[in-house]
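S.K.: The structure is given below, and queries will be raised subsequently.
The values are calculated or read from the model by the stated rules, or taken from the named source; none is laboratory data. Values in this document were obtained by computation on a predicted structure and should not be read as measured data. Glycine gets a Cβ as well: all are built from the backbone with ideal geometry, and neighbour counts include every protein chain shown.
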Amino acid sequence: MSKNPVALKVAAPYARALFDFGKETGTLFEITADVQNIQDLLFKSKELAKCLQNPLISSEAKQEILVRVTDKMMNQETFQFLNTLIRRNRINLLSTIIFSYLELVYKTANSKAFQVVSAIYLSGSQKLRVINKIRSITGTDRVMFQFIVDESLIGGLLIRNQGKVIDYSIKNKLKILAKQLDTVLEI
């Protein structure tokens, strides 16, 4: 998922449109299952994710790859949505759109969606500690998590929920320190 606020703003209307379409047509459950399967597929296959984000690969090639990979494992509406993203050159925002969409679904179901970004891949026990801590803070078990690795953080965690960001990364600490040094040196 993109950390870019502009990408988040571009992705939000696509997520909302898919969500509203699912509600209007009564296919929200099926679309949500498809979206979760796609999210799982992108997580398991980094090559697929890179391929869909690569601007040098043609739209036709991306559509063909989607046909081969999904092979009728999703409903037609979800497949058409993905093709729309490809045609509009927005498929590179797919993981961001998926997270925004699932945030809407979980919000409707009175659940919370969190994205946890770390500098390294978190082990199962580390993920479990983060999940349990967030559950205890929020006071609910109805929580969805998306774990992402971003090596530029250097260390620590970045936690996002409904547009709010809690940044415990070393990168952020260094930025704060640099700003403090700049103000001290300007005096």
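S.K.: Pick out the one residue from Val10, Val35, Val6 that is within 23 Å of Ala61 (Cα to Cα), among the β-branched types (Val, Ile, Thr) and in the same structural domain as Ile97 (by TED's automatic domain parsing).
M.R.: Testing whether each residue is within 23 Å of Ala61 (Cα to Cα), among the β-branched types (Val, Ile, Thr) and in the same structural domain as Ile97 (by TED's automatic domain parsing) leaves just Val35.
S.K.: So which residues in the stretch 149-160 are within 30 Å of Ala33 (Cβ to Cβ) and surrounded by fewer than 16 Cβ atoms within 10 Å (Cβ to Cβ)?
M.R.: Val149, Asp150
S.K.: I'm told Gly163 meets every condition in (1) of a type outside the set (Lys, Arg); (2) surrounded by fewer than 11 Cβ atoms within 10 Å (Cβ to Cβ); (3) modelled with pLDDT of 90 or more except one. Can you identify the failing condition by its number?
M.R.: The failed condition is (3).
S.K.: Go through (1) in a helix (DSSP H, G or I); (2) among the β-branched types (Val, Ile, Thr); (3) under 16 Å from Met144 (Cα atoms) and name the single condition Thr84 misses.
M.R.: (3)
S.K.: Another one. Please verify whether Val165 is in a strand (DSSP E or B), within 18 Å of the chain's Cα centre (by Cα) and without any contact (Cβ under 8 Å) to a residue 40 or more places away in the chain, treating the condition exactly as stated.
M.R.: yes
S.K.: Would you confirm, using the coordinates I've provided, whether Val130 is outside the structural domain of Ile31 (by TED's automatic domain parsing) and part of a strand (DSSP E or B)?
M.R.: no
S.K.: Something else: Have a look at Leu104, Leu122 and point out the one that is surrounded by 13 or more Cβ atoms within 10 Å (Cβ to Cβ), within 19 Å of Phe21 (Cα to Cα) and touching a Phe, Trp or Tyr at 6+ places or on another chain (Cβ under 9 Å).
M.R.: After ruling out the rest, the residue left standing is Leu104.
S.K.: Let me ask you something else. I'm trying to understand the selection: among the residues of the stretch 33-62, which are farther than 22 Å from Arg87 by Cβ and not small (Gly, Ala, Ser)?
M.R.: Gln36, Asp40, Phe43, Lys44, Lys46, Glu47
S.K.: Answer yes or no as to whether Arg135 is assigned to a helix (DSSP H, G or I), free of Cβ contacts under 8 Å to residues at least 12 places away in the same chain and closer than 25 Å to Thr32 by Cβ.
M.R.: The answer is yes for Arg135.
S.K.: Also: Here is a list of conditions, (1) in a helix (DSSP H, G or I); (2) under 20 Å from the mean Cα position of the chain (by Cα), and Phe145 meets all of them except one; can you say which number that is?
M.R.: (1) is the only condition that Phe145 fails.
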